[in-house]
Amino acid sequence: MKKSALASLALSSLLAAAVLAGCGTGNQPGTAQQPAGQDSAGQAAGGGKKLVMATSADYKPYEFHDLSSGKDEIVGFDIDIAKYIGKELGYEIEVVDMNFDGLVPALQTKRADFVMAGMTPTPERLQNADFSTIYYDAKNTIVAKKESNLTKPEQLAGKKITVQTGSIQEGAAKELQKTIQGLEIVSLNKTGEIVEEVKTGRVDAAILEDTVAKGYVEANPELQFTTIQSDEVNGSAIAFPKGSPHVEEFNKVIKTMQENGEMDKLINKWFGQ
């Protein structure tokens with residue numbers, strides 16, 4: 001009986017150890033999914049690598065919500081570039097929509113691996129993020145009602161204008177404010193809200209990027225846009241967390257796209273140039 005009891009106890013101990021080992025399998029090194037922002041990409045559902053792209057999907061044609069298929073899908077110039085890069089490098093791209101002024105903080109808090117949102121690498125942003133090479137150049141414009149006769153920065157004296165919070169256009173407006181007397185700036189989160197403010201007359205004008213302004217003016221014939229002449233480059237680049245290992249590999253694909261005509265193909269698709 002004593003031997004039988006000892007044998008039973010030993011067998012029970014072995015079974016318990018086996019159960020515990022089986023339960024712990026998902027926590028073994030190398031099997032856990034990496035969060036966004038880590039040096040290694042996370043695991044996609046199919047077992048591949050995944051990167052999280054943060055954007056502000058209210059900036060047509062760069063990124064916007066498309067409901068034409070019956071479902072809400074984020075599409076646009078930046079989305080196509082990101083998918084092309086992801087395919088070339090073997091990454092699944094997960095797109096996350098948020099307010100523009102939350103994009104760089106998302107990189108800093110490791111909630112995103114990279115940002116594409118028509119973003120310009122300004123000196124201020126370069127303090128908090130690394131950037132790829134510029135993949136598209138654009139100009140700022142004044143958007144106003146046709147009868148307003150607001151086509152030049154100096155005509156904005158004593159006027160109220162609106163811009164997107166945290167955007168390069170907000171910075172440009174603040175620079176104009178230094179030399180244009182009485183210029184009042186209203187910053188809003190969404191581009192659609194900005195255009196609506198102009199249409200309703202709650203503001204006199206808006207400053208938007210030319211490619212974005214073109215789409216809104218085509219949809220709203222009562223509006224017009226005029227390019228602001230400037231020697232500054234307002235090009236778009238991809239933002240990454242400081243020290244990200246993905247900058248170099250993304251740059252290689254961007255260069256390839258510019259050389260093999262793929263970038264021009266996407267520019268023609270989304271901007272008609």
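Bridges between two residues of region 49-191, per DSSP, are antiparallel at a rate of about 25%.
How would region 43-137 be classified by its alpha-carbon gyration tensor: rounded, prolate or oblate, with rounded meaning a/c under 1.5 and the a/b versus b/c comparison settling the rest? In terms of gyration-tensor shape, oblate. Taking the 1.4 Å solvent-accessible surface of region 76-142 as the whole, the part contributed by carbon and sulfur is 48%. For region 138-205, the Stokes-Einstein estimate of translational diffusion at 20 °C and a viscosity of 1.002 mPa s comes to 180 µm²/s, using the Kirkwood hydrodynamic radius over alpha-carbon pairs.
Out of region 172-273, which trypsin sites (Lys or Arg not before Pro) are coil in DSSP terms and have no more than 13 other C-beta atoms within 10 Å? Listed in order of number, the matching sites are LYS178, ARG202, LYS242. Taking 0.36 nm per residue of sequence separation and removing the Cα-Cα distance, the ALA219/LYS174 pair yields an extension gain of 13.4 nm. Amide hydrogen proximity for LYS50: with H placed 1.01 Å from N in the peptide plane, the residues at 5 or more positions away or on another chain lying under 5 Å are GLY42, GLN43, ALA44, GLU92.
Protein heavy-atom surface of region 150-273, 1.4 angstrom probe: 47% of the accessible area is carbon and sulfur, with nucleic acids and ligands not counted.
Ligands, DNA and RNA are left out, and with a 1.4 angstrom probe the accessible area of region 137-273 is 49 Å² per residue. Loop-located GluC sites (Glu not before Pro) across region 177-245 with a Cβ neighbour count of 16 or fewer within 10 Å are GLU222, GLU232, with loop assigned by DSSP.
The values are calculated or read from the model by the stated rules, or taken from the named source; none is laboratory data. These numbers come from a predicted model, not from an experiment. Methodologically, a virtual Cβ is constructed for each residue, glycine included, from the backbone with ideal geometry; neighbour enumeration extends over all protein chains shown. These area figures cover heavy atoms from the full protein model, side chains too; ligands, DNA and RNA do not enter into them. Shrake-Rupley method; radii C 1.70, N 1.55, O 1.52, S 1.80 Å.
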